[in-house]
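Nothing in this text is a laboratory measurement; each read-out follows from the coordinates by a stated rule. Just so you know, these numbers come straight off a predicted model, no measurement behind them. For neighbour counting, all protein chains shown are included, and Cβ atoms are generated from backbone atoms with ideal geometry for every residue, glycine included.
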Amino acid sequence: MSMPLVDLMRRSLRAPRLQCTALLCRVACLAACFIATTGTVQTRHGNAIRLSGRVAGWSAKHALYVALWDENGFLKTPVQQTRIEPGAGAEFQFQITPGRWALSTFEDVNSNGILDMGAFGPKEPSGFLRPFHGWHKPRFDDVASQFDRDTTGVTITLNH
């Protein structure tokens, strides 16, 4: 008894998906085993380090966003971002690889989830870890810092 052509086609389309799923499962298992045996998170540049601190000048009436930037996605797409709810503590923490990073923050006064810009700069309280006061859009090198080991207790001050 032969199978209809439609059934044969359906089976042939499912087979690659099943093989791909099996391969992904194997890769995930290998990665989990590697992390479990080493006991630390390994990154492309070595061990992850901790970067943590607080934001000064926050009213705690609106959400606060803290973003971590690398040079490639600076002011376009943050590598990591955290949202701190109104009334919570103004502390943040990121796991990063050693290298140059920029930290920024803003208080979302109108609750739209983005930093609103005006003709002369931000309309909402905002700031970088390395203060920036130029009359142009900040460049990565203007506000980036080098982090080679765990760094705690940094303070980002909001400019109002």
Would you mind ranking SER104, SER145 so that the residue whose beta carbon has the fewest other beta carbons within 10 Å leads the list?
SER145, SER104
If we count other beta carbons within 10 Å of each Cβ, what is the order of THR152, THR105, THR157, fewest first?
THR152, THR157, THR105
Given labels modelled 7 Å from the Cα in the Cβ direction, how far is it in nm from PHE140 to ALA56?
2.8
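Test of the criteria: in region 124-160, which chymotrypsin sites (Phe, Trp or Tyr not before Pro) are in a DSSP loop and have at most 16 other Cβ atoms within 10 angstrom of their Cβ? Can you show the working numbers first?
On the way: sites: PHE128, PHE132, TRP135, PHE140, PHE147; in loops: PHE132, TRP135.
Those satisfying the criteria are TRP135.
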